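Asks: I'd like to ask some things about the structure below.
The values are calculated or read from the model by the stated rules, or taken from the named source; none is laboratory data. Because the structure is a prediction, the values reported are computed rather than measured. Here the Cβ positions follow ideal geometry from the backbone for every residue, glycine too, while neighbour counts run over all protein chains shown. Note: areas computed on protein heavy atoms with side chains; ligands, DNA, RNA excluded. Shrake-Rupley method; radii C 1.70, N 1.55, O 1.52, S 1.80 Å.
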Amino acid sequence: MAKVISLNDYITQKKKKNYSAQSITHPIWFHEINDGIKALALRDKDLIYNNIKYNYYDEYLYFVNINHIAMDEYTFEDYLRDNINLEQSFDVVHGVEFSKGYDLNRLSENDWENIADIIVRISITIILFGEDCSIEPNKLADEYDWDSIGFDYTF
């Protein structure tokens, strides 16, 4: 299971620097967590990749065996590139869990799942295509339905 830092810690640190304290009833603005999401994706990309490999390697083996493909000619990374559409939100077993803050009432379970999905998409994009192809979290956010995240599009 991948453990990532609490986004709540990131928000708290950022608010200490840039924002006045707000009530828990105020929405969390996506621009407040954008950098934290990207930082988590970069930091934990290898761990996330290993978790995805753990969950999908058997499918890869089945694919190369049934198609009589040599594993050195068609790698697991090739299989992911061909079978995971990183341009759209997806449901992939990735094992991302948040170490703290997941139980906060400010974000719904749906919002946490969206954040985890974005982290995984960014991490896998970096692993498969390099850091030059990194996706910004705010570019992906519009693809999701959010319950308690606000958008002001100032980023």
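Asks: Return the residue satisfying two criteria in turn: it lies in the range 78-100 and is farther than 15 Å from residue 122 by Cα and among the acidic types (Asp, Glu), and of such residues it is modelled with the highest pLDDT.
Replies: Ranking the candidates gives 78 first.
Yes or no, residue by residue, for (1) among the aliphatic types (A, V, I, L, M); (2) open to solvent by less than 50 Å² (accessible area, probe 1.4 Å); (3) touching an Asp or Glu at 6+ places or on another chain (Cβ under 7 Å):
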| site | (1), (2), (3) |
| --- | --- |
| 29 | no, no, yes |
| 34 | no, yes, no |
| 47 | yes, no, no |
| 50 | no, no, no |
| 55 | no, no, no |
| 65 | no, no, no |
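Asks: Those residues that are open to solvent by 70 Å² or more (accessible area, probe 1.4 Å) and closer than 23 Å to residue 137 by Cα, I need them from the range 67-90; list them, please.
Replies: Passing the criteria: 81, 82, 83, 85, 87, 88.
Asks: Just one of the numbered conditions (1) open to solvent by 30 Å² or more (accessible area, probe 1.4 Å); (2) modelled with pLDDT of 50 or more is not true of residue 16; which one?
Replies: Failed condition: (2).
Asks: Any residue in the range 44-56 that is within 14 Å of residue 121 (Cα to Cα) sitting within a Cβ distance under 6 Å of a residue that is at pLDDT 90 or above? List the pairs, counting only those 6 or more apart or interchain.
Replies: So the pair list comes out as 45/123; 45/126; 45/127; 48/123; 49/127.
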